[in-house]
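**Q** Before I ask anything, here is the structure I am working with.
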Amino acid sequence: MEKQKPTDDVYQMLSESGYSDRAIQYFQKVENIGVIEAADQTWDLTGPCGDTMKISMNIEDNRISDAKIQVLGCPGAVASGCAVVDLAKGKTLEEAKNIDLEALYKELEKMPDQKIHCARLAIKTLHKALEQYQEKTVEIQERGQR
Ligand code: FES
């Protein structure tokens, strides 16, 4: 990710609230935001705070070839969602399952303490999507064997 430092008001506000430059860059990473049309897997999840994330991904040869996220939520949710998408892209399904809160926090470097549940929601959304994809795949295989 490029290291340019945004200098706008949003940057100032987020920086003063305890977001690292890297987390702010993720917050502003618009190319990770959106929905992939006719994706191989989509999943949405609403956290206890009411914020919602929807992840969509394409999977080729057991590997996440593309992913995007749509977020109705706070800056912590947007930054976490965009970082999760970057971490997941190019990973095998097994590797993506192992992306955890620690890995996400390492990627984001720093967010305000009260934003940990936003990162947790991003991880849960990814894991749920992967779980459902695998269940779907097993079902299709079992149907094919009958
Ligand atoms: Fe709900 Fe951030 S406040 S995900």
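**Q** Could you tell me whether residue 45 is crowded, with 20+ Cβ neighbours inside 10 Å, within 16 Å of the ligand (Cβ to nearest atom) and within 17 Å of residue 128 (Cβ to Cβ)?
**A** no
**Q** Now, a different point. Only residues that are part of a loop (DSSP other than H, G, I, E, B) and aromatic (Phe, Trp, Tyr): list them for segment 10-33, please.
**A** 19
**Q** Within the set of pairs 6 or more residues apart or between chains, which connect a residue that is farther than 11 Å from residue 69 by Cβ inside segment 23-52 to a residue that is surrounded by fewer than 17 Cβ atoms within 10 Å (Cβ to Cβ) and small (Gly, Ala, Ser) with Cβ atoms less than 9 Å apart?
**A** Within 9 Å, the pairs are 24/15; 40/65.
**Q** Here is a follow-up. Looking only at segment 110-125, count how many residues are under 12 Å from residue 80 (Cβ atoms) and more than 14 Å from the ligand (Cβ to nearest atom).
**A** So the count comes out to 0.
**Q** Return the residues of segment 116-141 that are within 14 Å of residue 101 (Cα to Cα) and either touching a helix residue (DSSP H, G or I) at 6+ places or on another chain (Cβ under 6 Å) or not aliphatic (A, V, I, L, M) (or both); say none if nothing qualifies. Let's see the steps before the verdict.
**A** Our first condition is that a residue be within 14 Å of residue 101 (Cα to Cα); within segment 116-141, this holds for 116-127.
117, 118, 119, 120, 122, 123, 124, 125, 126, 127, listed by residue number.
**Q** Answer with yes or no whether residue 34 is of a type in the set (Gly, Ala, Ser), within 12 Å of the chain's Cα centre (by Cα) and farther than 23 Å from residue 134 by Cβ.
**A** On the way: of a type in the set (Gly, Ala, Ser): yes; within 12 Å of the chain's Cα centre (by Cα): yes; farther than 23 Å from residue 134 by Cβ: yes.
Yes: the conditions hold for residue 34.
**Q** State all residues of segment 101-115 that are surrounded by 14 or more Cβ atoms within 10 Å (Cβ to Cβ) and more than 12 Å from residue 18 (Cα to Cα); if no residue qualifies, say none.
**A** 101, 103, 104, 105, 107
**Q** Out of 103, 77, which single residue is more than 22 Å from residue 58 (Cβ to Cβ) and among the small types (Gly, Ala, Ser)? Working first, answer last.
**A** On the way: 103 fails: more than 22 Å from residue 58 (Cβ to Cβ).
Of 103, 77, the one residue that is more than 22 Å from residue 58 (Cβ to Cβ) and among the small types (Gly, Ala, Ser) is 77.
Where a number appears in this text, it was derived from the coordinates with a stated rule and is not lab data. Since the structure is predicted, the reported quantities are computational estimates derived from the model, not experimental observations. Cβ: placed from backbone, ideal geometry, glycine included. Neighbour counts: every protein chain shown.
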